[in-house]
Amino acid sequence: MYNYANTPAENLEYIEIAPASELPSGERLFVDIEDKTIVVFNIAGQFYAILDVCSHDDGPVGEGDLTGYNITCPRHGAEFDVRTGKVMQMPAVIDIPAYPVRVVDGNIQVGIPKST
Ligand code: FES
């Protein structure tokens, strides 16, 4: 598991997912990119993206409640920081992937590591 937020741009492929106007503050959007489901959040005008798979037991973490930047997995209550994917609360002990997000010409793009 890995935080891709600091991955050099040349090692990422940015995928356009939606107009920024379709994801207002406080909302989230689930998108399928390649074989992954990724959830993108707008928190106070900033966008963040994590993999929608909990590292504890593969729960749908993206459906959980958001408190500040922490999302709580609905299955057993593990918490992760959506900015980094860092685990904040047991029972999970492993971080989940977090992806960089940018807005280009009004469209949200998520940076996915290029497959090698
Ligand atoms: S599957 Fe997420 S806390 Fe168990």
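Descriptive notes on the structure:
- Every residue from region 13-68 that is of a type in the set (Phe, Trp, Tyr) and either surrounded by fewer than 13 Cβ atoms within 10 Å (Cβ to Cβ) or within 11 Å of the chain's Cα centre (by Cα) (or both): Phe30, Phe41, Phe47, Tyr48
- Yes/no for Cys73 being out of contact with any Lys or Arg (no Cβ under 7 Å at 6 or more places or on another chain) and surrounded by 14 or more Cβ atoms within 10 Å (Cβ to Cβ): yes
- Taken as a whole, the structure leaves Ile108 outside the set of residues that are of a type in the set (Val, Ile, Thr), more than 23 Å from Leu12 (Cα to Cα), more than 9 Å from the ligand (Cβ to nearest atom) and not in a loop (DSSP other than H, G, I, E, B).
- Any chance Phe30 is touching a helix residue (DSSP H, G or I) at 6+ places or on another chain (Cβ under 8 Å) and within 16 Å of the ligand (Cβ to nearest atom): no
- Filter result for Arg83 (free of Cβ contacts under 8 Å to residues at least 40 places away in the same chain, among the basic types (Lys, Arg) and not in a strand (DSSP E or B)): no
Values in this text are rule-based calculations from the coordinates and carry no lab data. Since we're looking at a predicted model, the values are computed, not measured. For neighbour counting, all protein chains shown are included, and Cβ atoms are generated from backbone atoms with ideal geometry for every residue, glycine included.
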